[in-house]
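The values are calculated or read from the model by the stated rules, or taken from the named source; none is laboratory data. Keep in mind the model is a prediction, meaning the values are calculated, not measured. Here the Cβ is made from the backbone with ideal geometry for all residues, glycine too, and neighbour counts use every protein chain on show. Only protein heavy atoms, including side chains, enter the accessible area calculation; ligands, DNA and RNA are left aside. Shrake-Rupley method; radii C 1.70, N 1.55, O 1.52, S 1.80 Å.
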Amino acid sequence: MIRRLAASIALPYNIWTGHIIQQHSDSIATWRIEDGAKVERVFNPNAANPAGRKIIDPVDGTEYVTGGANRFTAFTGYFWKKFSDAPRLLGSLTGGPSPLQSEQTIYLMRYAEVLLNYAEAKIEAGTIDGSVLNAMNDVRERAYNNSGFAFPAVTTTDQAELRKIIRRERKVEFADEGLRLFDIRRWGVAEKVMNTTVFGGPANGFSKIGDLNYVPSIDDDGYIDYTGAPSQPRVEMGNLDYRELEERTFDAGKHYLWPIPQAEIDATENVVTQNPGY
């Protein structure tokens, strides 16, 4: 799981695209890294600060005029790497092609999805055999490829345990691939997962996260419950509370079904009726 986390997300203070990724939401500048050494301070414009606002970098005293879009920081504390064309993300900094000129491959369907779809279907049908374990372990083996670590093989044939494992497997393998909403609706857990506050990391950095004296719970569906977490809507550096990013809602009486296009209802002369709530 750690391998896929590192491949999908740049954590605070990771080096990615040759720069240190900043944790806090009010980042001013960061360091460009060459051969493991800090070589240059780089302006890190923050879209949360109004354009024209002048800020002094406390590291070297440079005055920056803020405004723009975050380049090496994110309000959540996490920075997406997955499917990114890293060289082109640097854009104007390097004088090279911009992200709009990326030739990154667009995936319509990945082989990992074929394997995990197969495994989930067999698990839910109660026809568990060696092919289910092989499919799941093939995905894990690929994730651990060339890491120097042995992947944690799935060996159980218990249906309840396999259901728990594959739901977590899909969550980490398909992060940022647009499949999660369909998964939680298929499993009938969307009203639990979606009716919640989405949190970002503490603004003062993960090195002090233990000061919160709080550990969220994770259930069998892989749902992380932050009930009771100390939080604030927006905080800057120096505060240890979680950041409240957004409120999400899911109406179980409505959102498990799609709306039926009016043209389709008209074509049946109202034999077909609209789904509830639309």
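Counting only aspartates and glutamates at least 8 places from Lys54 when in the same chain, those with an alpha carbon closer than 16 Å to its own are Asp26, Glu63.
In the context of the full set of protein chains, the chain has a per residue accessible area of 57 Å² (1.4 Å probe).
Estimated at the nearest 10 Å², the accessible area of Trp31 is 60 Å² with a 1.4 Å probe.
For Ile218, Ile224, give me the order by solvent-accessible area with a 1.4 Å probe, most accessible first, ignoring ligands, DNA and RNA.
On the way: Ile218 110, Ile224 60 Å².
Ranked from most to least accessible, the order is Ile218, Ile224.
From its DSSP helices (H runs of at least four residues, each -39,500 (n - 2.57)), the chain gives a residue-normalised ellipticity at 222 nm of -7500 deg cm²/dmol.
Strictly over 28 Å apart at the Cα level, which of Lys81/Lys254; Lys38/Lys82; Lys38/Lys171 would you flag in this model? Checking Cα-Cα distances, Lys81/Lys254; Lys38/Lys171 exceed 28 Å. Rolling a 1.4 Å probe over the protein heavy atoms leaves Asp251 with an accessible area of roughly 80 Å². Each residue was assigned an accessible area with a 1.4 Å probe, and for Met109 the value is about 110 Å².
Taking the Cα centre of the stretch 71-174 as origin and assigning +1 to Lys and Arg Cβ atoms and -1 to Asp and Glu Cβ atoms, the resulting dipole is close to 420 debye.
Think of the chain as having a plus end and a minus end, set by charges on the Cβ of Lys, Arg, Asp and Glu; of Val215, Gln22, Leu179, Gln22 sits farthest toward the positive end of this dipole. Compare the Cα positions of Ala153, Gly130, Pro87 along the charge dipole of the chain (+1 at Cβ of Lys, Arg; -1 at Cβ of Asp, Glu; about the Cα centre) and return the one farthest towards the positive end. Checking the options against the dipole of the chain, the answer is Pro87.
The apolar share of the surface of the chain, taken as the fraction of accessible area on carbon and sulfur atoms (1.4 Å probe, ligands and nucleic acids excluded), comes to 54 percent. Please work out, to two decimal places, the log10 of the ratio I(q)/I(0) at q = 0.16 Å⁻¹ from a Debye calculation in which every Cα of the chain carries one identical scatterer. At q = 0.16 Å⁻¹ the computed log10 ratios are -1.37. Remark: the chain carries a charge dipole of roughly 520 debye about the Cα centre, counting +1 on each Lys and Arg Cβ and -1 on each Asp and Glu Cβ.
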